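K.L.:
Before anything else, here's the structure in question.
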Ligand SMILES: [Zn+2]
């Protein structure tokens, strides 16, 4: 069995005590052991990594994204969420499988370069006759070798039915349910070492019918997969729910059977005390996306209160069109700054921010037994951050350097023991080509949208 031995490293395992100078031994795709520096014997076939000057953390887990949006960054720069969506829906209607593949290659590569080993994606725009968009992003993740949790999204409530999106980007209820079931049946791998799991994810209360929300929950539970949607992102959404359904967003989802340990919501910014209590009591998780919330002026989620009351929170970069070039590591800093700006300097510590980005995310995806902390028996997904650079070396606490400062260089990223990033470069795919694929996806989508007459 192939092995990796990482030596002379500061280990922040997230669960369990920190080790100032220690080793991590990987066997196959799992962590075999870790501890203070007592050099374990050489095993044949072992690759030794001298990680002097590095901090080892669990690989970061991104729990909300829309990879296709890599192709529409920088648009509608000063818009509210609803204004931004209305401006972009028509452009997204022109995307095809080539756009999604290129955007996902760039977006996932970019995540890996900032320490992410597992990412979810929420893809909910499926224009007719444009190829297999879901397969395209799965192919990009496979090529890169990142653990992937794509959620088959959907919208069925267009403007003619009182929803926000134009009718051209919504699908029929029956075709959505059939396509979602097919995605789960084709791709979902529930095994411990799984590189690919599927979630069911109607887009949001303002773009999805009550019937689709209900049927989606039934489908996900029938197949044993997780449920995801956007919720309580803005006050406009709350107003929409009160007008259309007579209740606030969390009450609406509760009514449809959407609270539970198999559900995680994106954003959850505008929660009442009662909403937070229900999240905690039901085990409902949320993906905090602070950069996107800041970019769209949506508000600051009550993360430190949620944690205090026992509700799980993970992090998400959200789609690149509402959080351009946001790094996964940078979201820890943004989360910490937002909480402190709102609640004071004790609201969230560096280590709590690291936990949000790792174990919190793993819980959102139902993988807390496999991912999210460095422990023997867990999958060997880990990041080695170089915190001994000439400037960073002035900060003694490496976790502080990682979270309080800009993301440090990544010396190594392992996914299941396999090197995906080394010395800040992608190793499983051509580094520059991944970036170029994203730029090409942008040009292609703009051209296709122009041909459709979208601005
Ligand atoms: Zn989103």
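The values are calculated or read from the model by the stated rules, or taken from the named source; none is laboratory data. Since the structure is predicted, the reported quantities are computational estimates derived from the model, not experimental observations. Note: ideal-geometry Cβ built from the backbone for every residue, glycine included; neighbour counts use all protein chains shown.
K.L.:
Can you tell me how many residues within the stretch 148-166 are in contact with a helix residue (DSSP H, G or I) (Cβ under 8 Å, 6 or more places away or on another chain) and either modelled with pLDDT of 95 or more or under 20 Å from residue 262 (Cα atoms) (or both)?
P.N.:
Qualifying residue count for the region: 6.
K.L.:
Among the residues in the stretch 242-251, are any out of contact with any helix residue (DSSP H, G or I) (no Cβ under 6 Å at 6 or more places or on another chain), more than 24 Å from residue 295 (Cβ to Cβ) and assigned to a loop (DSSP other than H, G, I, E, B)? Don't jump to the end; show me each part of the working.
P.N.:
Of all residues in the stretch 242-251, those out of contact with any helix residue (DSSP H, G or I) (no Cβ under 6 Å at 6 or more places or on another chain) come to 242-244, 246-247, 251.
Okay, now just the ones that are also more than 24 Å from residue 295 (Cβ to Cβ), so 242-244, 246-247, 251.
Retained after the next criterion (residues that are assigned to a loop (DSSP other than H, G, I, E, B)): 246-247.
Yes - at least one qualifying residue is present in the stretch 242-251.
K.L.:
Can you give me the number of residues within the stretch 254-288 that are surrounded by 24 or more Cβ atoms within 10 Å (Cβ to Cβ), at negative phi and touching a strand residue (DSSP E or B) at 6+ places or on another chain (Cβ under 6 Å)?
P.N.:
9
Yes/no per residue for (1) more than 16 Å from the ligand (Cβ to nearest atom); (2) assigned to a helix (DSSP H, G or I); (3) under 18 Å from the mean Cα position of the chain (by Cα); (4) more than 22 Å from residue 213 (Cα to Cα):
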| residue | (1), (2), (3), (4) |
| --- | --- |
| 265 | no, no, yes, no |
| 276 | yes, yes, no, no |
| 281 | yes, yes, no, no |
| 286 | no, no, yes, no |
| 294 | no, yes, yes, yes |
| 297 | no, no, no, yes |
| 310 | yes, no, no, yes |
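This table checks each residue for (1) within 16 Å of the ligand (Cβ to nearest atom); (2) surrounded by fewer than 24 Cβ atoms within 10 Å (Cβ to Cβ).
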| site | (1), (2) |
| --- | --- |
| 57 | no, no |
| 67 | yes, no |
| 73 | yes, yes |
| 78 | no, yes |
| 82 | yes, yes |
| 96 | no, yes |
| 105 | no, no |
| 116 | no, no |
| 133 | no, yes |
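K.L.:
Hey, another quick one. Quick one: is residue 184 away from the ligand (no atom under 16 Å from the Cβ), closer than 22 Å to residue 315 by Cβ and either at pLDDT 95 or above or in a helix (DSSP H, G or I) (or both)? Break it down into steps so the answer makes sense when it comes.
P.N.:
Numbers: away from the ligand (no atom under 16 Å from the Cβ): yes; closer than 22 Å to residue 315 by Cβ: no; either at pLDDT 95 or above or in a helix (DSSP H, G or I) (or both): yes.
No.
K.L.:
Moving on. Mind checking which residues of the stretch 421-449 are assigned to a helix (DSSP H, G or I) and surrounded by 16 or more Cβ atoms within 10 Å (Cβ to Cβ)?
P.N.:
Of the stretch 421-449, the ones assigned to a helix (DSSP H, G or I) are 431-449.
Scanning the stretch 421-449 gives 434, 435, 437, 438, 440, 441, 442, 444, 445, 446, 448, 449.
K.L.:
Just to check your reading of the model, which residue among 127, 166 is in contact (Cβ under 8 Å) with a residue 60 or more places away in the chain and surrounded by fewer than 24 Cβ atoms within 10 Å (Cβ to Cβ)? Before the answer, list the steps.
P.N.:
Details: 127 fails: in contact (Cβ under 8 Å) with a residue 60 or more places away in the chain.
Among 127, 166, only 166 is in contact (Cβ under 8 Å) with a residue 60 or more places away in the chain and surrounded by fewer than 24 Cβ atoms within 10 Å (Cβ to Cβ).
K.L.:
Kindly establish whether residue 210 is under 28 Å from residue 415 (Cα atoms) and touching a residue at least 24 places away in the same chain (Cβ under 8 Å).
P.N.:
Numbers: under 28 Å from residue 415 (Cα atoms): no; touching a residue at least 24 places away in the same chain (Cβ under 8 Å): yes.
Here the answer is no, as residue 210 does not meet what is asked.
K.L.:
For residue 142, indicate whether it is out of contact with any helix residue (DSSP H, G or I) (no Cβ under 9 Å at 6 or more places or on another chain), outside any loop (DSSP other than H, G, I, E, B) and touching a residue at least 12 places away in the same chain (Cβ under 8 Å).
P.N.:
Numbers: out of contact with any helix residue (DSSP H, G or I) (no Cβ under 9 Å at 6 or more places or on another chain): yes; outside any loop (DSSP other than H, G, I, E, B): yes; touching a residue at least 12 places away in the same chain (Cβ under 8 Å): yes.
So residue 142 fits the description; yes.
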